[in-house]
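Each value in this text was obtained by applying a stated rule to the coordinates, not by laboratory testing. As the structure is a prediction and not an experimental result, all values here were calculated from the model. All Cβ positions, even for glycine, are placed from backbone atoms using ideal geometry, and neighbour counts span all protein chains on display.
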Amino acid sequence: MVLMQIHKDKRGFLGLIGLLFTLAIICYLFYLAVNTYFKVPLLGRETEKPSSEGFITPSQETPNYQTIMGSTRTKIRDINKKILNQGRQLENIRNE
């Protein structure tokens, strides 16, 4: 009789550890899901530069979506022009 009670206690103890471990995993996954859902997308280095370099005029106190997108498009056009010029320079060097 005593052996059966000890065996039941061990099985219950392992079940409790398993339950706690499962609960910890579920809480961690919930944390990741909520953190990802409410996270504000961060701008990359190249897209942050336009706002810090003054592409957004000082008269606009708080930049909105349109001003950020406009300045980002301008910066992307500048980067594309730079890349095209570098490509042309490489072709000129190759042709010489």
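What is the sum of charges around residue 84, taking Lys and Arg as +1, Asp and Glu as -1, for the other residues whose C-beta is under 12 Å from the C-beta of residue 84?
Once all neighbours under 12 Å are counted, the net charge is +2.
Given points 7 Å out from each Cα along the Cα-Cβ axis, report the residue 92 to residue 30 separation in nanometres with one decimal.
Computed distance between label sites residue 92 and residue 30 equals 6.4 nm.
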